[in-house]
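Since the structure comes first, as structure tokens, the remarks are kept for the end.
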Amino acid sequence: MIDPLDVDGAVNENHAACEPLMWGKQLRGVRVRLRVATPEMVRDLLAAAWRRKAPRAVLGSTTA
């Protein structure tokens, strides 16, 4: 569940590994085909999802 604004970029850059993920009627993230995705891409998407959902207090204490 990454920022909906980032979904198009992820899908366009990695169309074999990513597809838009709808949650109800809203675009909420990307579905990743792990067999095709690179470890770096998965790491980056997980980090983006974490930054989007993590509590602000935790985000302030992490380094990227």
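Where a number appears in this text, it was derived from the coordinates with a stated rule and is not lab data. What you are looking at is a predicted structure, and each value in this text was computed from that prediction instead of being measured. Positions of Cβ are backbone-derived with ideal geometry, glycine not excepted, and every protein chain shown enters the neighbour counts.
Looking at region 14-55, which of its residues are farther than 17 Å from MET1 by Cβ and assigned to a helix (DSSP H, G or I)? The answer is PRO39, GLU40.
Considering only region 1-11, state which residues are part of a helix (DSSP H, G or I) and in contact with a strand residue (DSSP E or B) (Cβ under 9 Å, 6 or more places away or on another chain).
Our first condition is that a residue be part of a helix (DSSP H, G or I); within region 1-11, this holds for 4-11.
Listed by number, the residues that qualify are PRO4, ASP6, VAL7, ASP8, ALA10, VAL11.
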